[in-house]
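Structure first, then comments.
The values are calculated or read from the model by the stated rules, or taken from the named source; none is laboratory data. In this text the structure is predicted, and so the values were computed from the model without any measurement. Cβ placement follows ideal geometry from the backbone for every residue including glycine, while neighbour counts extend to all protein chains displayed.
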Amino acid sequence: MFGKIALFELRYQLRNPVFWVATVIFFLLTYGAMASDNITIGGGGNVNLNSPVAIVNTHLVMTLFFMFVTTAFVANVIVRDEESGFGPLIRSTQVSKFSYLFGRFAGAFLAAALAFLVVPLGTWIGTLMPWLDPETIGPNRLSYYAVAYLVFALPSLFLVSALFFAIATMTRSMMYTYVAVVLFLVLFFVFSAVVDSQPDLRNVASLADPFGTVALDNATRYWTAAESNTRLPPINGELLANRAVWLLVAFAALAIALWRFRFASKAVSARKARKAAKKEARLARKEPALVDHLPEPTPERAGWARLRARTRFEMGQVLRSPAFFVLLLIGLLNAFGGLFFGNEIYGTPARPVTFALIEPLMGTFVIIPIIIAIYYGGELVWRDRERKFHEIIDSTSVPGWSYLVPKTIAVAFVLIATLLISVLAAMLIQAMRGYTDFEIGKYLAWYVLPLSIDMLFIAILSVFVQALSPNKFVGWGVMVLYLVGTIVLASIGFEHPLYLFGETGSQRISDINGADVGWATGWWLRLYWGAVSLVLAVLAHLLWRRGADGALWPRLKRLPRRLASPSGAILAGALLVAGLSGGWIYYQMNVVNEYTTQDDAEAQLAAYEKKYLKYETLAQPTATDVRLRVDLYPEETRMEASGRFAFVNNTDTPIEQLHLRLADPDAEILSIEVEGAQLAMNDEENRYRIYRFDEPLAPGEESAATFRTRRWQQGMRASGDDTRLVKNGTFLNNGEFMPQIGMDRQGLLTDRATRRKYDLPAELRPAKLEDEGARGRNYVGNAPWVTSDITISTLASQTPVAPGKRVSDEVQGERRVARFVSEQPILGFFSIQSAEYDVARREHGDVTLEIYHHPTHDFNVERMLDAMEASLDYYEANFGDYQFDHARIIEFPGYASFAQAFAGTIPYSERIGFIADNGDAESIDYVTYVTAHELGHQYWAHQLISSDQQGGTMLVETMAQYSALMVMKELYGEDQIRRFLKYELDNYLSARGSEAIEELPLERVENQGYIHYRKGAVAMYLLQDRLGEDRVNAMLADLLDRYRFKGPPYANANDLVGGFASLARNEGERELVDDLLKRITLYDLKAEQATVRKRDDGRFETVFEFEADKFYADGEGRERKAMLNDVIEIGLFAEKPGLGAFDGKDVLQLRRYPVRSGSQTVTIVTERRPAFVGIDPYNKYIDRNSDDNIIEAEAE
């Protein structure tokens, strides 16, 4: 009987439209994800799109989305019999509970498993598409797809099937089952957010994750591209345990379902029985009213009364539904989890200021209201029909709109309520963290109001789709396609907000600049989409399903006749508003501004490179002095710049042409005049000009040019609002408004597949380290050393800032004008800023330290000033004199999250250090670290600038990392550095697998952040530890002396590597220098066992067993074993390093011991009993698994 029931259910599901709709949708989703150049799941960099890891990740992602389909299959099998009236017939037979229940489940689960086969099928077919870049596609092996499907997808499908089958069996309600699905989904997202922000939980989370994503991530975290492309995830350890644990959970859910299932109809609960009895008694007490005749009906006056009554009814249905409160709880959990564990840097959280919480709410929480809109749209529209009540309603004279409008209002109410509950979650987090400036007005104006309207559009669309659909499942499928379509269409070039339903632009939030960016555009688009939504609402009303025949075609045939009504007039008015507002938006976006898609921008960059990159090495003069005036008009988002720059031919040959370009597309050239030269070519589209000298510019000869430029965002843009020139918080570098001499490759296309698409060389790489000719250019756009005289005018209420000494600053009417002069050489790469600032100052010797900050962002101002003092003290003592009498940190709006060093000025995003919460003593003080890093650039970039070739960023970024680390060591001691080193090490190792070209040794780094920042920090710390901090600093000071403010030939990595090699005192140290700087070297240091016994003399003897190995890797991650023969620290501790308040008093012994390849044992005697023992306990080596270095000591 079990087999027959399972086969019956399978046949039923295969005939069900839901099966085929789901199959088609997920085939298209998977095929599209693989066949589109714009969508990547699991691949990227040198990892193939169809690598084993990418295929597994695709299956896991699709499993998550497939939950709703799986639930539709398995949960419906029980509910369907109750709703169809077939249940009593079944209960009258002798079929056993086991056969009935699990036969139905088996058939439905098999249908779900069969439907999911389109995921590997779509993936495989997608890889065969001829337009895909062949270098991103590896071999298709059956084993890759089999493991992904059988080991990862199928157990997960079985799990969710069992869980939601059990819930449906116990509740006999599809509504409660789908609410459980949403709750499960939200809890999973919260769980993922927690794990991402708390790396220490990864081992526990690997078992707790129902889909195995954490276990998979742990197993492949440090895999290189070569490993990801060829290795299947190992089905052992945590991964095997995860699959086994959750299969047991699935079987337990099925056992509970069998235990709780009863063939009897679901009885009325005692509470509902008491409630019904009370209602009946209340009605019985009321005497019936007898009248002689009924009042005359006036249906034409009953419309508003019907609307109010139906709205009260629909709202009452929502408010009395437990699902509503469950969904609110889900929204609260989702918002709470996403906000509480988000916005951390180096594991240190930000203060929960309101603006910093709103954008994460928009990004992570908004998907929940959309899911709710889709769900409730189907439930409310189809509720009457599912309860067989629709024929009674449809036989009345009640117009369709009096049902449509209340249902839409009810859906909108649920959505707005979820938005409000997310605000409550945000405020709870603020209160829990001791922040009580809730700024409710910002929540309402910047978040609740605009998103409520956006959600109303989704609600209307959901109701419209359901009104036209043959059943609610098809309607849900169409809405899922809409969600996917909005993502896919935008990624393949259909980006205009006038045809992406509900698209209201990108609104950016900042305390400094408010909601100004994107605000007006958003409201114009809301007017347009509001009118379109009204059109859909009227059409839904006119096509509303009435009577037993729900076919769409007869309703469409009646539509023209029904338009001759007030509804037709409303429809016409809505079309008029949509047309007028859409026309105005089109004029602004396509006429006033140029509309370009991402593909257009890429094609333009490709053409630009083909035309002008050939001039990159053309000999050009060098700027020597800049005179500049910048007039800012923030209220108009306009600036005008004019100036003069002198230049000299510092080459050995005469120069016939001067190439001038303005790379930023938001700026325009108004005029350029070059002394002694004529315009030979003017490319206005690319803002590139070539001037020919009347007489070639001789070596050593000087000349000058004057210019006028403008930057002005007029009207609305379809995308790409200017976030640099804004009403409050302008931050521009000179390359964004001032002509630059010569061609440079910065800003060109970098993605290999995109470059090949436009017939460009796949890689645009710097010159080799061996190329001595490349030392004639520096890597910061070949910016020269110049003196400067810069005048800025802005609004009287704002404070302008530029490099140089402030020699004048006065208010002239409604304008504030300040002049800055730098007689000290600065790089010809500088910034200007303007905003309404408070200024904190501190005198430190001959240097004035200044922090320009938003008035309410004073949380870390003193910490920044302290960091500036500590940094200058260390740098001047070890590297030489600081070149300015000022050092300024200037806050800018958080449209980007970085700090950047210019000469004497450090723009610093409001999203990072200014709102960091360093209240936890165990957190990393990244405010001090970032400040020290940027001040380090005043030496490593603004005194010594490196050549434009391999290793260039090592002399700038890596050395700034080293400088900051030494300041941190000075302030906090070596025992506190482990947290930072481990963070950097983990980031380096995890980023290796996403390398797009090839990983290179540090000395040959090609502006690869994970190498020059992350690996560089660890390598430099170990080198100073082994070679001696003072000796290293003396070598660096000598290097600075040789290249300070020098032009070509610029310093390169050979100078720095040679300096470190000169400090090596023996073969072991020379090998270490080569391993860290010249090779890609990985260590594997693992603590195996530590036993402790107390000796007769009262001391403690520890026997420590460990394994050690060393590997060399090539650029794709292929490794070969090398001989390890080094001296590495072994430490014994009272507490575990890196945790809690660990400090020097917990160090019982830390000493270097000879270490060789393989297993070995060391015996150590200490005065106190150690609790933990480790090899390389402070993570100074590049250990590919730094979590197993330390082990707890056990008694012998």
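Part of a loop (DSSP other than H, G, I, E, B), of a type outside the set (A, V, I, L, M, F, W, C), touching a residue at least 40 places away in the same chain (Cβ under 8 Å) and crowded, with 21+ Cβ neighbours inside 10 Å, is that true of residue 888? Taking the combined requirement at face value, the residue does not satisfy it. Across segment 495-543, which residue is nearest to the chain's Cα centre (by Cα) among those that are under 21 Å from residue 443 (Cα atoms) and among the aromatic types (Phe, Trp, Tyr)? Result: 519. Taken together, the residues in segment 1091-1122 that are of a type in the set (Asp, Glu) and in contact with a helix residue (DSSP H, G or I) (Cβ under 9 Å, 6 or more places away or on another chain) amount to 3. Might you check whether a residue that is at pLDDT 85 or above and either outside the structural domain of residue 356 (by TED's automatic domain parsing) or more than 28 Å from residue 726 (Cα to Cα) (or both) occurs anywhere in segment 435-450? Taking every residue of segment 435-450 in turn, at least one turns out to be at pLDDT 85 or above and either outside the structural domain of residue 356 (by TED's automatic domain parsing) or more than 28 Å from residue 726 (Cα to Cα) (or both). Taking each residue of segment 853-869 that is farther than 16 Å from residue 925 by Cα and looking for partners that are surrounded by 20 or more Cβ atoms within 10 Å (Cβ to Cβ) and among the small types (Gly, Ala, Ser) with beta-carbon atoms closer than 8 Å, six or more apart or interchain, yields 854/835.
For every residue, the table says whether it meets (1) within 33 Å of the chain's Cα centre (by Cα); (2) among the hydrophobic types (A, V, I, L, M, F, W, C); (3) assigned by TED's automatic domain parsing to the domain that holds residue 1004.
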position: 757; (1), (2), (3): yes, no, no
position: 773; (1), (2), (3): no, no, no
position: 784; (1), (2), (3): no, no, no
position: 789; (1), (2), (3): no, no, no
position: 792; (1), (2), (3): no, yes, no
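Looking only at segment 699-757, which residues are of a type in the set (Asp, Glu) and within 30 Å of residue 584 (Cβ to Cβ)? Hits for segment 699-757 are 721, 722, 736. Here the condition is being more than 30 Å from residue 777 (Cα to Cα) and in contact with a His (Cβ under 7 Å, 6 or more places away or on another chain); of 567, 581, 533, it holds for 567 alone.
Does residue 1130 satisfy the condition of being at pLDDT 95 or above, of a type outside the set (S, T, N, Q), under 30 Å from residue 1171 (Cβ atoms) and in contact with a Gly (Cβ under 9 Å, 6 or more places away or on another chain)? The answer is yes for residue 1130. Taking segment 128-153 as the range and being closer than 30 Å to residue 71 by Cβ and crowded, with 18+ Cβ neighbours inside 10 Å as the test, the residues that pass are 144, 145, 147, 148, 149, 151, 152, 153.
The set of residues in segment 119-140 that are over 29 Å from the mean Cα position of the chain (by Cα) and either modelled with pLDDT of 90 or more or part of a helix (DSSP H, G or I) (or both) comprises 121, 125, 139, 140. Regarding residue 202, is this residue surrounded by fewer than 23 Cβ atoms within 10 Å (Cβ to Cβ), under 30 Å from the mean Cα position of the chain (by Cα), under 25 Å from residue 49 (Cα atoms) and not hydroxyl-bearing (Ser, Thr, Tyr)? Taking the combined requirement at face value, the residue does not satisfy it.
Screening residue 239 with (1) in contact with a Gly (Cβ under 8 Å, 6 or more places away or on another chain); (2) farther than 29 Å from residue 1184 by Cβ; (3) aliphatic (A, V, I, L, M); (4) modelled with pLDDT of 85 or more gives one miss only, at (2). The residue that is surrounded by the most Cβ atoms within 10 Å (Cβ to Cβ), counting only those in segment 671-682 that are within 42 Å of the chain's Cα centre (by Cα) and touching a residue at least 24 places away in the same chain (Cβ under 8 Å), is 672. Scanning segment 839-871 for residues that are of a type in the set (Val, Ile, Thr) and not in a strand (DSSP E or B) returns 856, 861. Scanning segment 14-29 for residues that are assigned to a helix (DSSP H, G or I) and at pLDDT below 85 turns up 15, 17, 18, 19, 20, 21, 22, 24, 25, 26, 28, 29. Checked against the criteria, residue 1124 does not count as surrounded by 18 or more Cβ atoms within 10 Å (Cβ to Cβ), of a type in the set (A, V, I, L, M, F, W, C), over 19 Å from residue 981 (Cα atoms) and without any contact (Cβ under 8 Å) to a residue 40 or more places away in the chain. Looking across segment 144-203, the residues that are hydroxyl-bearing (Ser, Thr, Tyr) and in contact (Cβ under 8 Å) with a residue 60 or more places away in the chain come down to 144, 145, 149, 156, 161, 169, 173, 176, 177, 178, 197.
Exactly one residue out of 1102, 1161 is part of a strand (DSSP E or B), surrounded by fewer than 16 Cβ atoms within 10 Å (Cβ to Cβ), in contact (Cβ under 8 Å) with a residue 40 or more places away in the chain and outside the structural domain of residue 48 (by TED's automatic domain parsing): that is 1161. Looking at segment 831-852, which of its residues are buried (at least 21 other Cβ atoms within 10 Å of the Cβ), touching a residue at least 60 places away in the same chain (Cβ under 8 Å) and not hydroxyl-bearing (Ser, Thr, Tyr)? Within segment 831-852, 832, 833, 835 meet the criteria. Of the helices (runs of 4 or more DSSP H) lying entirely inside segment 979-1077, the ones with 3 or more residues being aliphatic (A, V, I, L, M) and modelled with pLDDT of 95 or more are found at 1016-1027, 1029-1043, 1053-1063.
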